[in-house]
1. In square nanometres, what is one fourth of the surface area of the convex hull spanned by the alpha carbons of the range 54-188?
2. Once the convex hull of the C-alpha atoms of the range 37-112 is built, how many Å³ does it hold per residue, rounded to a whole number?
3. In which sequence would 57, 50 go, from the one with the fewest C-beta neighbours within 10 Å to the one with the most?
4. Shape of the range 130-174 from its Cα gyration tensor (a ≥ b ≥ c, root eigenvalues): rounded if a/c is under 1.5, otherwise prolate when a/b > b/c, or oblate?
5. Roughly speaking, what is the stretch gain from residue 65 to residue 168, that is 0.36 nm per residue apart minus the C-alpha to C-alpha distance, in nm to one decimal?
6. Can you tell me the length gained on complete extension of the stretch residue 87 to residue 33, counting 0.36 nm per residue apart and subtracting the Cα distance?
7. Beyond 15 Å, how much of the Cα-Cα pair distribution for the range 81-127 remains, as a whole percent?
8. Quick one: length gained pulling residue 47 to residue 139 fully straight, 0.36 nm per residue minus the C-alpha distance?
Ligand code: DQA
């Protein structure tokens, strides 16, 4: 049921939530220390702040008619909770797990458990950096990975995930279900 409000003049307002409009919903998670973007190691991570990055993502989401939910946490447990919660309300996840990329089996397991298409993003090219950054615990459960393109990587991830989810949705709509009786008999 759509949410409705009646204004004092008796005018009814109806607000359709994304679930009802069929709008795709994507949760974007930024991991530890990404709140310091813009001031943190600028030669590696650039000068754009997290607020700048988030507002570019919001603008693109509007253009693509997507709902985005943007969050940052320095805590592994909070990121795990947000991934688990996404199962109920979101169609996909974009995550820069930051340093947890190289250490967190908990984040990997959460992504595998919810089964939502997930794109891993890194501002820097982790394979060009120290050896300990070459391993990602997340990559094996991700739909795709973008690294080394700075903030543009997030925008590409949003476009890519939107294309993927749209294609999956279209495929679900066009693939005809096998009639129950024939399916039960095991015939085609
Ligand atoms: C990072 C790369 C990680 O190795 C590092 O710990 C970060 C940021 C990136 O976006 O390039 O915090 O994920």
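No lab work stands behind these numbers, since they all come straight from the coordinates. Bear in mind the structure is a predicted one, so any value in this text is a computation, not a measurement. Reconstructed Cβ throughout: ideal geometry from the backbone, glycine too, with neighbour counts over all protein chains shown.
1. Values: hull surface 41.6 nm².
Projected over every direction and averaged, the Cα hull of the range 54-188 covers 10.4 nm².
2. Value for the range 37-112: 101 Å³ per residue.
3. By the 10 Å Cβ count, ascending: 50, 57.
4. Numbers: a/c = 6.36, a/b = 1.91, b/c = 3.33.
Judged from the Cα gyration tensor, the range 130-174 comes out oblate (a/c at least 1.5, b/c at or above a/b).
5. 35.4 nm
6. Values: separation 54, 0.36 × 54 = 19.44 nm, distance 2.52 nm.
Additional length available on full extension: 16.9 nm.
7. Values: 451 of 1081 pairs.
Within the range 81-127, distances greater than 15 Å cover 42 percent of Cα pairs.
8. Additional length available on full extension: 30.5 nm.
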